[in-house]
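Novice: The following block contains the structure, expressed as structure tokens.
The values are calculated or read from the model by the stated rules, or taken from the named source; none is laboratory data. On a predicted model such as this, the values are computed, not experimentally measured, just so you know. Positions of Cβ are backbone-derived with ideal geometry, glycine not excepted, and every protein chain shown enters the neighbour counts.
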Amino acid sequence: MLVTAQEMLQKAKAGHYAVGQFNINNLEWTKMILQAAQETKSPVILGVSEGAAKYMTGYKTIVGMVKGMIEDMNITIPVALHLDHGSYDACLKCIEAGFTSVMFDGSHETISENIEKTKRLVKLTKVKGLSLEAEVGAIGGEEDGVIGKGECADADECKMIADLGITMLAAGIGNIHGKYPENWAGLSFTTLDAIQKKTDEMPLVLHGGTGIPAEMIRKAIDLGVAKINVNTECQIVFTEATRTYFEDKRDLEGKGFDPRKVLAPGCDAVKEMVKEKMTLFGSVGKAE
């Protein structure tokens, strides 16, 4: 079922587990993520960055693909189609195209600009019945050419954005996109705790879920995180598994070059990784 993220995240916050957002870049990843979610009875969020949307030819194409796959694959668990780190204009395009959830990333703007644009989107998404994610404190690393320093968010600014009526809040707590460096200081749970106390029942979002130790994930969930984003790990396991297809030079010609065979190991790896994350996040069986 294609739904908004609001109900699934409210249940996750109350039940002390997190819903996984797994970014999609093609049909194969989408299929594997949906299969994993259905088999584990887990609610799931399909994240789409602006760059991935451009690669897949556009937002309307993605909506049609996801709706068709949900129907043809008999997917019965809740699925949200979500714009990840969107600009204000991208949010408007996704709303028009039929996304059920959008994220406006105003963390690179002044807090007053972030508030003003978020307020406009709150009004629009409420009329349309969609869920809205906002961000305070830029997430570190690079995603689609947008680079964040990974600063920790100000709890008072988080409250200002949360009070506008958004569905969920992404706040920088030392997390980064991509692979974490060896000298990474870890998540700031002091910051997360302060943000939760200021925002009360607001579901919080942890971006950069790849490579964060399990004990940190569990502690973040205990402190109000109800949505965890994973993208880089999908890329890593897909690439590594697909590469193995070509490693055995002796049988390369016999294997053929059918893309369905070439991509199969990577697809299987993505599916298993998604299942592992859903188990870690505690969302398995929550869609029953």
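Novice: Give segment 104-135 a look and list any residue that's crowded, with 17+ Cβ neighbours inside 10 Å and not in a helix (DSSP H, G or I), or say none.
Specialist: Listed by number, the residues that qualify are 104, 105, 106, 107, 130, 131, 132, 133, 134, 135.
Novice: Sticking with this structure for a sec: Scan segment 1-24 and tell me whether some residue there is more than 19 Å from residue 169 (Cα to Cα) and within 12 Å of the chain's Cα centre (by Cα).
Specialist: yes
Novice: May I pose another question? Regarding segment 20-37, can at least one residue be identified that is of a type in the set (Gly, Ala, Ser), surrounded by fewer than 22 Cβ atoms within 10 Å (Cβ to Cβ) and under 23 Å from residue 270 (Cα atoms)?
Specialist: For segment 20-37, residues of a type in the set (Gly, Ala, Ser), surrounded by fewer than 22 Cβ atoms within 10 Å (Cβ to Cβ) and under 23 Å from residue 270 (Cα atoms): absent.
Novice: Restricting the search to segment 46-59, which residues are surrounded by 15 or more Cβ atoms within 10 Å (Cβ to Cβ) and touching a helix residue (DSSP H, G or I) at 6+ places or on another chain (Cβ under 8 Å)?
Specialist: 46, 48, 50, 53, 56, 59
Novice: Based on what the data block shows, is residue 201 out of contact with any helix residue (DSSP H, G or I) (no Cβ under 9 Å at 6 or more places or on another chain) and surrounded by fewer than 24 Cβ atoms within 10 Å (Cβ to Cβ)?
Specialist: no
Novice: Let me ask something additional. Considering each of 271, 198 in turn, give the residue that is assigned to a helix (DSSP H, G or I) and touching a Lys or Arg at 6+ places or on another chain (Cβ under 8 Å).
Specialist: One residue alone meets the criteria, 198.
Novice: While we're looking at this one, here's another question. Does residue 245 fit the bill of being without any contact (Cβ under 8 Å) to a residue 24 or more places away in the chain, over 25 Å from residue 123 (Cα atoms) and among the hydroxyl-bearing types (Ser, Thr, Tyr)?
Specialist: Judged against the criteria, residue 245 is a match.
Novice: Give segment 1-38 a look and list any residue that's part of a helix (DSSP H, G or I), hydrophobic (A, V, I, L, M, F, W, C) and touching a strand residue (DSSP E or B) at 6+ places or on another chain (Cβ under 6 Å), or say none.
Specialist: 8, 9, 12, 33, 37
Novice: Can you list the helices (runs of 4 or more DSSP H) lying wholly within segment 39-101 that have 3 or more residues being more than 18 Å from the chain's Cα centre (by Cα)?
Specialist: 59-72, 88-97
Novice: Here's another thing I want to ask about it. Select from segment 100-139 the residues that are of a type in the set (S, T, N, Q) and in contact with a Ser or Thr (Cβ under 8 Å, 6 or more places away or on another chain) and write down the one among them that is nearest to residue 50 (Cα to Cα).
Specialist: 101
Novice: Please go through segment 202-246 and give me each residue that is among the charged types (D, E, K, R), part of a helix (DSSP H, G or I) and over 17 Å from residue 29 (Cβ atoms), ordered by number.
Specialist: Hits for segment 202-246 are 215, 218, 219, 222.
Novice: Still on this structure: Which residue is modelled with the highest pLDDT, if the candidates are limited to segment 140-188 and must be in contact with a Gly (Cβ under 9 Å, 6 or more places away or on another chain), hydrophobic (A, V, I, L, M, F, W, C) and over 18 Å from residue 9 (Cβ atoms)?
Specialist: 187
Novice: Now a separate question. Can you name every residue in segment 196-207 that is hydrophobic (A, V, I, L, M, F, W, C) and over 13 Å from residue 222 (Cα atoms)?
Specialist: 202
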